[in-house]
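Reading through the structure tokens given below for one structure.
The values are calculated or read from the model by the stated rules, or taken from the named source; none is laboratory data. Nothing here was measured: the structure is a model prediction, and the numbers come from that model. Positions of Cβ are backbone-derived with ideal geometry, glycine not excepted, and every protein chain shown enters the neighbour counts. Side chains are part of the model used for accessible areas, which takes the heavy atoms of the whole protein and leaves out ligands, DNA and RNA. Shrake-Rupley method; radii C 1.70, N 1.55, O 1.52, S 1.80 Å.
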Amino acid sequence: MLVALAGNPNTGKSTIFNALTGMKQHVGNWPGVTVEKKEGEMEINGTRVKVVDLPGTYSLTAYSMEEIITRNFIIEEKPDVIVDIIDASNLERNLYLLTELLELHSKIIVVLNMFDEAEKKYSIDVAKMSRILGLPVVPAVGIRGKGIDELKEKILRGKFNPKKVEYPEDVEKRIEKIEEKIRKLGFEPARWYAIKVIENDVEVVKKIKDKGARDILHLAEHLRHEIEDIYGDDIESVMTSFRYSFAHGLFHEVAEPINVGGVTITDMLDHVITHKIFGIPIFLAIMYLSFQFVFLVAAPFQDAIDLLFNGKGTVSGHIPGLVDLSYNWMVTFMPDWLSSFINHGMLRGLGAVLTFTPVIMLLFLILSFLEDSGYLARVAFLMDSIMKKMGLEGRGIIPLMLGFGCNVPAVMATRTLKDEKERKLSIALNPLIPCGARIQVFAFLSSIFFPSNPALVLWSLLILSMVVVFVLGFIYSKTIFRGRSEPFVLELPPYRMPTMKGISIHMWEKSEGFLRKAGTIIVGAAAIIWIFAALPWGVKYGSPDSYIGMFAQWIAPIGTAFGLTPQAIISLIFGFFAKEVVIDVLYVLFGSKDAILASMTWAQAYSFMLFMLFYTPCVATIATIYNETKSKKFTLFVILEGFILAALFSFTFYTIVTLLGVGA
Amino acid sequence: MLLSELRPGEYGIVKKIGGSGAIHRRLLSMGLLPGAIVRVVRISPFGDPIEYEIRGFFISLRKQEAANVEVDKIVPLSLVPGNSDVRVIFIDGGVGFVQNMGAMGIAVGKILKVIKPCCPMQVQTERGIFTVGRGMAYRVFVR
């Protein structure tokens, strides 16, 4: 049995989905797009039921990806039952989607979610509503699991005798004319197709055109003009008005307002949170505290995982980690190179993947809290006019800020952007934000090469990255990522207390996805790097005699144009694996701070940092970008973009400084 | 006037939804339809976007999008000062509420005179002088 969940955004759809399926769910993408698809399974009295969570939509037009996915799923997959999750405290608008669903499907169960909240606004006559609609209506409070058993019961044994959404006589008779012809084409549901072709729905018109039934299109156009003449407005306004008046009428039939007016808690909170003067400082404070929390709490876990895998060098010698111990053990029964490959290559890679997990889990804990509480929508409201200039909606600031922590969760967080183009734009910009690891390397190098003012040097790099992100965002939004595919209509839901359960499921989804998918790519890349750093057999790992070293020396003549020394190139190659490793590599190659200082001029050092600021994202970020977009072309584009910027800035800087003769 | 020109706290009744394609459709499916009542809640600190209340929920629209909506400015009866004549434009409620108001002579298109704005509000209609509760006056829109 197949059940599909439909509903507006912010109606607690995923809470109901989680309550139905528990942990038995699979998160992926709808084919060809970055819209998330969730599937799960449940068992009701021995019957296995597959549950699909459709994207949240306000209507079923052909103008948004989510809406097209939803309606195509219903037409093509023909679910046995559709569950329409309605925010009962916002009944009228939510009922509008129901009027559209009624034209597509006959077995719909209406779930009045957040029923407790709704009862404070009006009293709802559930029985009457069920009678009028001819459908099962289930009041529910998803976060407390109320109404779930009744919903399951109705999925199995509900009685459906749905009422038709009727249009006025002069519209109905025109729908019927088309419906007859559509039925001959074999399109079902014929009434829905008929209504949509009269409404001039682009997708449906195309489908009919593909069948060669031009007579239907001509007739529809003729009928459309007749209706527009009768009602004196465009067809979309006219038809939407009829459906809305059905929703409006139903709403007033079943809901009796308890009190109107009065100040709500949400209104009071918004008065402060979106305040003209306090709004922005409050936003910055919340972001600062969130990041502090994440990185403070994550750091000890990351250190512990690092210690566990890689051990620690101390004054009295090296404390062996899992990698060393396992290597020493395996080498007793297998060749040295194999043990080294398994442990120094793959196991170390696994360690790198695991050190990312605490940050990802905590960031998504905070992010889900902000999203579920309703604050994220306010961020969008506050920041929109700034972010608009770089082609993003207000929410786009969140992934960019997260980027300063780590680009991996930041790229994953672009899912909060609903628009496909904006998501890609945001992902393309994100790696240009220096993550914590790069900032750490910059701080280290600045303190060596610019001891008098390291902070200023660090700031110059941060400011440069922000300027580049802003300018590039502006250019991209006018060129390759031009134009939102959808208008920016943002709902500001009431503030709600998030539930621990909802947040932890969200957190688990994200971390599990990262571990499983991105993790494989990272471990693989670690193995490949090992091969190039350890071969030909017998050389010192990563030394100039290894393949990586040879490559660095081969490319060195080109590197000089950018102020890069061969050792700097080697460290950059390892930095591709994880940016913070650059420091370790320099230490391994030179042995001391003084030797590092002696290896480069200040101009070469700054050029090196400029290059590192932008060149390719690390393996984990690349794996995440690919995982989120499923596009090799796009992933390659991001890598190239980084190299071009890196080359551009380091070359320009180094050339100017050399020409001025102040580089030495 | 355009929806984007209303100021915070003001009300409008939608006359026509302009624009085309996605924006036209999206505004309609959010319930912005001819005859719908919109209230301007607040403006973002940087002047854009603007938060609106419509049909009991809250959305924010960019100015350029709100400029697709033509409105007439209206006022809920509860905010009308004393001693002024107004015309009823819209009554927000079910059949029962509209009938109750009608019995007092408050119906769409009728002219009312607010005698005393507060506590309780008294209005003169063609059927006489009536006392209107705050909750009711809040749902009657006039111009």
Which part of region A:635-664 falls in the paramagnetic zone of A:LEU464, meaning amide N under 12 Å from the point 7 Å along Cα-to-beta-carbon? A:645-657
Can you compute 3J(HN,Hα) from phi for each residue in region A:499-505, using the Karplus curve 6.51 cos²θ - 1.76 cosθ + 1.60 with θ = phi - 60°, rounded to whole Hz and x for Gly and Pro? 9, 4, 5, x, 5, 5, 5
Spelling it out for A:LEU492: with amide H atoms placed in the peptide plane at 1.01 Å from N, the residues 5 or more places away or on another chain with amide H under 5 Å from its amide H are B:PHE58, B:ILE59, B:SER60
Given a 1.4 Å probe and every protein chain left where it sits, what share in percent of the accessible area of the protein assembly as shown is carbon and sulfur? 62 percent
Additional length obtainable on full extension of the chain from A:SER245 to A:TRP337, 0.36 nm per residue less Cα span: 25.6 nm
Expressed per residue, the solvent accessible area of region B:3-74 in Å² (1.4 Å probe) is about 30 Å²
Accessible surface, region A:606-650, averaged per residue in Å² (probe 1.4 Å): 33 Å²
Would you please give the FRET efficiency between A:LEU284 and A:ASN29, computed as 1/(1 + (r/R0)^6) with r the Cβ-Cβ distance and R0 = 30 Å, to the nearest 0.05? 0.35
For region A:594-664, compute Rh as the Kirkwood radius over C-alpha pairs and then the Stokes-Einstein diffusion coefficient at 4 °C and 1.567 mPa s; write the answer in µm²/s, rounded to an integer. 95 µm²/s
Does region B:3-74 classify as rounded, prolate or oblate by the C-alpha gyration tensor (a ≥ b ≥ c root eigenvalues; a/c under 1.5 gives rounded; else a/b over b/c gives prolate, otherwise oblate)? oblate
Could you name every residue in region B:77-97 that has 40 Å² or more less accessible surface in the full protein assembly than in its own chain alone (probe 1.4 Å, ligands and nucleic acids excluded)? none
Using a Cα-Cα cut-off of under 18 Å, which aspartates and glutamates could be cross-linked to A:LYS633, ignoring same-chain neighbours fewer than 8 residues away? A:GLU420, A:GLU422, A:GLU641
Relative contact order (%) - chain B, alpha-carbon pairs under 8 angstrom, separation at least six: 23 percent
Tell me the total accessible area that B and A bury against each other, 1.4 angstrom probe, in square angstrom rounded to 100. 3900 Å²
Please check region B:51-66 for residues whose accessible area, probe 1.4 Å, is lower by 30 Å² or more when all protein chains are in place than in their chain alone. B:GLU51, B:ARG55, B:PHE57, B:PHE58, B:SER60, B:ARG62, B:GLU65
Kindly provide log₁₀ I(q)/I(0) values, in the same order as q = 0.19, 0.20, 0.21 Å⁻¹, from the Debye equation applied to equal alpha-carbon scatterers of region A:106-232. -0.95, -0.99, -1.05
Segment A:PHE532-A:SER592, length gained on full extension (0.36 nm per residue, minus Cα span): 19.1 nm
Note the direction-averaged projected area, equal to a quarter of the hull surface, for the Cα convex hull of region A:470-606, in nm². 14.9 nm²
Degrees separating the helix A:566-575 axis from the principal Cα axis of chain A, which is the longest one: 30 degrees
Which value at 222 nm does chain B reach when only helices count, each DSSP H run of 4 or more adding -39,500 (n - 2.57), with the total divided by all residues and rounded to the nearest 500 deg cm²/dmol? -4500 deg cm²/dmol
Using a cut-off of 18 Å between alpha-carbon atoms, which aspartates and glutamates can reach A:LYS24, once sequence neighbours fewer than 8 places away in the same chain are excluded? A:GLU36, A:GLU39, A:GLU41, A:GLU43, A:ASP53, A:ASP149, A:GLU509, A:GLU512
Percent RCO, i.e. relative contact order, over region A:2-157, from Cα pairs under 8 Å lying at least 6 residues apart: 24 percent
Non-local amide H neighbours of A:THR601 (under 5 Å, H modeled in plane, Pro and chain starts lacking H): which ones? none
Pairing rule first: another cysteine's C-beta must sit under 4.7 Å. Under that rule, which cysteines of the protein assembly as shown stay single? A:CYS406, A:CYS435, A:CYS618
Per residue accessible area of region A:2-157, 1.4 Å probe, in Å²: 34 Å²
J(HN,Hα) series, region A:357-370, from Karplus relation 6.51 cos²θ - 1.76 cosθ + 1.60, nearest Hz, glycine and proline x: 4, x, 5, 5, 4, 5, 4, 6, 4, 5, 5, 5, 4, 5
Inter-centroid distance (Cα atoms) of region A:6-64 relative to region A:139-194, Å: 19 Å
Residue-wise HN-Hα coupling along region A:446-459, computed from phi with Karplus coefficients 6.51, -1.76, 1.60 (Hz; x: Gly, Pro): 4, 5, 7, 8, 10, x, 6, 8, x, 4, 5, 5, 4, 4
Fraction of alpha-carbon pairs in chain B farther than 26 Å apart, rounded to whole percent, equals 30 percent
Distant-in-sequence amide H partners of B:ILE74 (H built 1.01 Å from N, under 5 Å): B:TYR11, B:GLY12, B:ILE13
Helix A:519-534 axis, angle to chain A major axis (alpha carbon atoms, nearest 10°): 20 degrees
Along each of its three principal axes, how wide is the spread of alpha-carbon positions in region A:1-114, in whole angstrom units, largest first? 35, 33, 24
Explain nothing, just the number: dipole magnitude of region A:169-257 about its Cα centre with +1 on each Lys and Arg Cβ and -1 on each Asp and Glu Cβ, in debye rounded to the nearest 20. 660 debye
Where a Cα-Cα gap under 15 Å defines reach, which aspartates and glutamates qualify for A:LYS211, not counting those fewer than 8 residues away within the same chain? A:GLU188, A:GLU203
Span per principal axis, largest first, for the Cα atoms of region A:162-251 (Å): 40, 31, 21
Translational diffusion coefficient, Stokes-Einstein: compute it for the protein assembly as shown using the Kirkwood radius over C-alpha pairs as Rh, at 37 °C and 0.692 mPa s, and state it as an integer in µm² s⁻¹. 110 µm²/s
How big is the C-alpha Rg of region A:268-375 next to the rule-of-thumb value 2.2 N^0.38 Å, as a ratio? 1.66
Chain A, relative contact order [Cα under 8 Å, separation at least 6], %: 9 percent
Quick one: Cα centre-to-centre distance for region A:239-253 and region B:47-71, in angstrom? 21 Å
Give me the residues in region B:9-39 whose solvent-accessible area, probe 1.4 Å, is reduced by at least 40 Å² once all protein chains are included instead of the chain isolated. B:ALA22, B:HIS24, B:ARG25, B:ARG26, B:LEU28, B:SER29, B:MET30, B:LEU33
Using helices alone, I'd like the mean residue ellipticity at 222 nm for chain A: each DSSP H run of four-plus residues gives -39500 (n - 2.57), total over residue count, nearest 500. -20000 deg cm²/dmol
Helix A:214-231 sits off the longest principal axis of the Cα atoms of chain A, rounded to the nearest 10 on a 0 to 90 degree scale, by 70 degrees
Note the per residue figure in Å³ for the convex hull of the C-alpha positions in region A:450-492. 84 Å³
Set the bar at 20 Å for Cα to Cα. Now go through A:LYS181/A:LYS209; A:LYS177/A:LYS209; A:LYS107/A:LYS154; A:LYS107/A:LYS184; A:LYS121/B:LYS110; A:LYS38/A:LYS207 and name every pair that lies beyond it. A:LYS107/A:LYS184; A:LYS121/B:LYS110; A:LYS38/A:LYS207
Scattering from the C-alpha atoms of region B:80-142 alone, worked out with Debye: what is log10 I(q)/I(0) at q = 0.19, 0.21, 0.28 1/Å? -0.60, -0.75, -1.42
Using only the Cα atoms of region A:134-192, construct the convex hull and provide its projected area averaged over every direction, in square nanometres to one decimal. 6.1 nm²
Along the dipole axis of region A:169-257 (charges at Cβ: +1 for Lys and Arg, -1 for Asp and Glu; origin at the Cα centre), the most positive-end residue among A:GLY186, A:GLY232, A:LEU217 is A:GLY186
Rank these by accessible area, largest first, 1.4 Å probe: A:MET383, A:MET268. A:MET268, A:MET383
Quick one: if the Förster radius is 30 Å, what FRET efficiency do A:VAL471 and A:VAL263 give, using the C-beta to C-beta distance and rounding to 0.05? 0.10
